[in-house]
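Written out below as structure tokens is the structure these notes cover.
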Amino acid sequence: MMKHYIERDVPFEIHEVNILDAEEKDLEEISRESGVGLSLDEMKMVKDHFEALGRNPTDLELEAIGQAWSEHCCYKSSKPILKDTVFDIDAPQNIYVVEEDAGVVEFDDEHAYVVALESHNHPSAIEPYGGAATGIGGIVRDVTCMGAQPLAFVDPLFFGPLDMDHDDLPSGTKHPRYLFDGVVQGISDYGNRLGIPTLSGMVYFDECYTTNCLVNVGCIGIAEKDELIRSRVKEPGDVFIMAGGKTGRDGIHGVTFASDELHEDSEEEDIQAVQLGDPITKEPLIHTSLELNRKGLLQGMKDFGGGGLSCVAGEMALDGGYGAEVELDKVPLKEEDMAPWEIWVSESQERMMYAVKEEDVEEVMHICEKWDVEATKIGKVIDEKKVKVYYEDEKIMDLDLEFQTGGPTYCRPTEKVEHTRYIEEKEPEEPADYNDILLKLLSRDNINSKEWVIRQYDHEVRANTILKPLQGVLGKQGPGDASLIKPLEDSFKGIAVTTDVIPSYTDLDPKAGAMSVLDESIRNLMAVGAEPHSFADCLNFGNPEKPERLGDFARVAEGLEAVARHLGIPFVSGNVSFYNETEQVAVKPTPSILACGLIDDVREAVTMDLKEEGNSIYLVGETKDEMGGSEYYRIVDGRSGNVPTVDVETLERSMKEMLEAHNEGLIESCHDVSLGGLGVALSEMCLAGDMGAEIDASTELREDKFLFSESNTRWLVEVKKENEKRFEEIFSIPIKKIGISAGRNLKINLNGEELLELDIEVIRKNWKESLSKKMGK
């Protein structure tokens, strides 16, 4: 039997990997034993490279290639599709988009805002508290390393049903309640201790997330344009300084773990891939990084994320057109007996890499010491495009950077699955009791109050939050459409933020569902009076090696492009998370979107709560017979493949006309019509304003479809009587006055028939209490 590893005669642990003598079977065994996650074809590419060099790789070199070539790092399955769709949407606000750790977008003449959205799915599935906390820790570094002050976090979250019986859980799977509780605590503890508000997010529940929860986290920051910095070096001779936390065995093989399917033994086999977060170390590291950058002492800055030092050193150097030389034994360690390859690929948290001119090193070290941040010189930039690594003066790595970071790119086969083929159309009977139906909808976990989550987050720290996640009368608040922050002391200009996706649509029709998520994001921003300005995406899918999964991905990308390119709104940052799949099920296509909009004066922003009795209520937009994926059909056992569609021309006109109505001060309150349709949207406006409404409308649709259809591009708008004429003049799209704000009940008459009447306290109770009761709080 061939010996796979040959130990070098040195006073520390380093091996040559006997790849030159390896047959195909040996190559597969080496990949599996080492945990590098490379396929047979990729191992052959590595073998060919080292055969040309006439030597075997060290274990450090093979590990470096494994990290860089992982799906998580090099986007080898998604890159060709993304390049043909959502990349390169030109817009005048673009500064650095897609090419950096975070997107950088113009805010005003002197400032830019910075956006990042990523996933921490696999770690959260096996250790929810730590996985979610370190997700927040990673995303805040992405924003900081662009030279931006972090302003806010967002968190789209996805879990299995909270009321699932323990006996129904697959082996090795944690209960959704345990995962949900741990994830929220992890985000809360980390974000609150950093003093950065978590002010927007969403929670969605579906059986497909039982074995593979999704934890997506985002961050928004602000920077002066002349203080923006790149994640790259500038010239040979610059010194690499590692700052922040020590390096340990936590987070080893994190990127390769994230590039494979979960299974029942994942926790036992891969727990070391979950990093350990420390917000108390992170907070001064942020201050240090921003001060060093503000004083012009940094040539480049990059955070330690996926792949650890292995990826940071190489990527910073090559992006600047150079190489790197690293003295690995200088790296501060948590544990003394770590092997060099473990140090090289560890993803321990709270670490930043600075590229510094030699003459500035002393001042940089002094400022780090002032903030009590450990900092160590570990290497330098070299002319040659290689990474050379030394340990105790022994060279243990000499790798061509273009080979290491290039990675393979696959044009994998895609299969366009007609998802509606398994939908046997079933139209339910009209409800006998509309009151009962509406209350059931309001208590559903995808609709009901998320106050149990929101109240665990400090969403007001830093005193920049203008519109909060819950809006309305104090103590009676309802769900806001978007949150709003005021990033600058001397300006009233603001950034509106929303996160959205409806997986039940993308499951039935990936392209139409993707178009719907951008429509909803736009509706939410427009509801508060903000003009949509940028998107970031986190695309969560199953195994891309299966043609139907990658087919879903391609259709989603096409849908996102169809809306964004037509409107000229760029995707500025993003993330792809594949392999969200187990033996039991793959997650539904889940393209989470973080959308940002700008508003010139935050004092003019609008909330969703009804304001005054006697005002008119308008329905803006057209309600259609589009019940596929709707929450209503899920509770009445209806089935349809006809999901809500988006007409981009109508959406574009709606945006212009809604913005005009906002700018003229005609809108008292506004709420988008989404999950649960018109009935739920009216209920939420009533409970938030602590005021009833009397609705009297006509429709050619069946009454239940008019009330509960989730058609896109629709808003409910409250308008004063004296402004009705001007409001109606603005719109070329369909609008309809459907009632007034009045009393303490929600009353709905359709086509002259009284369908529904509920006291707002009953509405509030059903909406507010159901989730917290399930969580035992």
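Within region 298-384, which helices (runs of 4 or more DSSP H) (wholly inside it) include 3 or more residues that are out of contact with any Lys or Arg (no Cβ under 8 Å at 6 or more places or on another chain), more than 22 Å from residue 144 (Cβ to Cβ) and of a type outside the set (Asp, Glu)?
Values: elements: 309-319, 340-345, 361-370.
Hits in region 298-384: 340-345.
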Answer yes or no as to whether residue 9 is at pLDDT below 95, of a type in the set (D, E, K, R) and in a loop (DSSP other than H, G, I, E, B).
-> yes
What are the residue pairs meeting all of these: first residue in region 21-47, first residue over 19 Å from residue 404 (Cα atoms) and touching a residue at least 12 places away in the same chain (Cβ under 8 Å), second residue part of a loop (DSSP other than H, G, I, E, B) and open to solvent by 20 Å² or more (accessible area, probe 1.4 Å), Cβ atoms under 8 Å, and 6 or more apart or on different chains?
-> 21/2; 22/2; 23/2; 26/2
Would you check which residues across region 200-227 are of a type in the set (Gly, Ala, Ser) and more than 20 Å from residue 187 (Cα to Cα) and list them?
-> 223
Spot the failing condition for residue 729; the list is (1) within 31 Å of the chain's Cα centre (by Cα); (2) more than 21 Å from residue 476 (Cβ to Cβ), and only one is missed.
-> (1)
Answer with yes or no whether residue 101 is touching an Asp or Glu at 6+ places or on another chain (Cβ under 6 Å), assigned to a loop (DSSP other than H, G, I, E, B) and touching a residue at least 60 places away in the same chain (Cβ under 8 Å).
-> yes
The condition of being of a type in the set (Val, Ile, Thr), out of contact with any His (no Cβ under 6 Å at 6 or more places or on another chain) and under 23 Å from residue 444 (Cα atoms) holds, among 762, 717, only for 762
Filter pass, residue 438 being assigned to a strand (DSSP E or B), open to solvent by less than 50 Å² (accessible area, probe 1.4 Å) and at pLDDT 95 or above = no
Counted residues in region 252-278 being at pLDDT 65 or above, open to solvent by less than 70 Å² (accessible area, probe 1.4 Å) and more than 20 Å from the chain's Cα centre (by Cα) come to 2
Which one of these is under 30 Å from the mean Cα position of the chain (by Cα) and either over 27 Å from residue 529 (Cβ atoms) or of a type in the set (Val, Ile, Thr) (or both): 769, 761, 757, 753?
-> 769
Residue count, region 386-415 (criterion: part of a helix (DSSP H, G or I) and either exposed (fewer than 13 other Cβ atoms within 10 Å of the Cβ) or of a type in the set (Lys, Arg) (or both)) | 1
Test each condition in (1) touching a Ser or Thr at 6+ places or on another chain (Cβ under 9 Å); (2) at positive phi for residue 449 and report the one that comes out false.
-> (2)
Filtering region 352-385 down to residues that are open to solvent by 20 Å² or more (accessible area, probe 1.4 Å) and either under 20 Å from residue 246 (Cβ atoms) or touching a helix residue (DSSP H, G or I) at 6+ places or on another chain (Cβ under 6 Å) (or both) yields 365, 369, 370, 371, 372, 374, 375, 376, 377, 385
Determine which member of the set 768, 773 is at pLDDT below 95, in a helix (DSSP H, G or I), of a type in the set (Lys, Arg) and within 17 Å of residue 441 (Cα to Cα).
-> 773
Restrict the check to region 631-648 and report whether at least one residue is within 30 Å of residue 762 (Cα to Cα) and touching a Gly at 6+ places or on another chain (Cβ under 6 Å).
-> yes
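Residue-wise test of (1) open to solvent by 10 Å² or more (accessible area, probe 1.4 Å); (2) more than 27 Å from residue 394 (Cα to Cα); (3) among the hydroxyl-bearing types (Ser, Thr, Tyr).
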{"position": "35", "(1), (2), (3)": "yes, no, no"}
{"position": "39", "(1), (2), (3)": "yes, yes, yes"}
{"position": "43", "(1), (2), (3)": "no, no, no"}
{"position": "46", "(1), (2), (3)": "no, no, no"}
{"position": "56", "(1), (2), (3)": "yes, no, no"}
{"position": "65", "(1), (2), (3)": "no, no, no"}
{"position": "69", "(1), (2), (3)": "no, no, no"}
What number of residues within region 570-623 satisfy the criterion of being more than 30 Å from residue 641 (Cβ to Cβ) and either in a loop (DSSP other than H, G, I, E, B) or free of Cβ contacts under 8 Å to residues at least 24 places away in the same chain (or both)?
-> 14
Lone unmet requirement of (1) under 26 Å from residue 484 (Cα atoms); (2) touching a strand residue (DSSP E or B) at 6+ places or on another chain (Cβ under 9 Å); (3) open to solvent by 10 Å² or more (accessible area, probe 1.4 Å) for residue 566 | (2)
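Condition check ((1) farther than 18 Å from residue 324 by Cβ; (2) assigned to a strand (DSSP E or B); (3) open to solvent by less than 10 Å² (accessible area, probe 1.4 Å); (4) among the basic types (Lys, Arg)) across all residues:
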| site | (1), (2), (3), (4) |
| --- | --- |
| 204 | yes, yes, yes, no |
| 212 | yes, no, yes, no |
| 216 | yes, yes, yes, no |
| 220 | yes, yes, yes, no |
| 226 | yes, no, no, no |
| 230 | no, no, no, yes |
| 237 | no, no, no, no |
| 241 | no, yes, yes, no |
| 250 | yes, no, no, no |
Just to be sure, is residue 109 open to solvent by 10 Å² or more (accessible area, probe 1.4 Å) and more than 22 Å from residue 496 (Cα to Cα)?
-> no
Qualifying helices (runs of 4 or more DSSP H) (wholly inside region 113-200; at least 1 residues being in contact (Cβ under 8 Å) with a residue 12 or more places away in the chain, under 20 Å from residue 281 (Cα atoms) and open to solvent by less than 10 Å² (accessible area, probe 1.4 Å)) = 128-144, 176-194
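The values are calculated or read from the model by the stated rules, or taken from the named source; none is laboratory data. Just so we're clear, the structure is a prediction, and the values are computed from it rather than from any experiment. Glycine also receives a Cβ, built like all others from the backbone with ideal geometry; neighbour counts cover every protein chain displayed. These area figures cover heavy atoms from the full protein model, side chains too; ligands, DNA and RNA do not enter into them. Shrake-Rupley method; radii C 1.70, N 1.55, O 1.52, S 1.80 Å.
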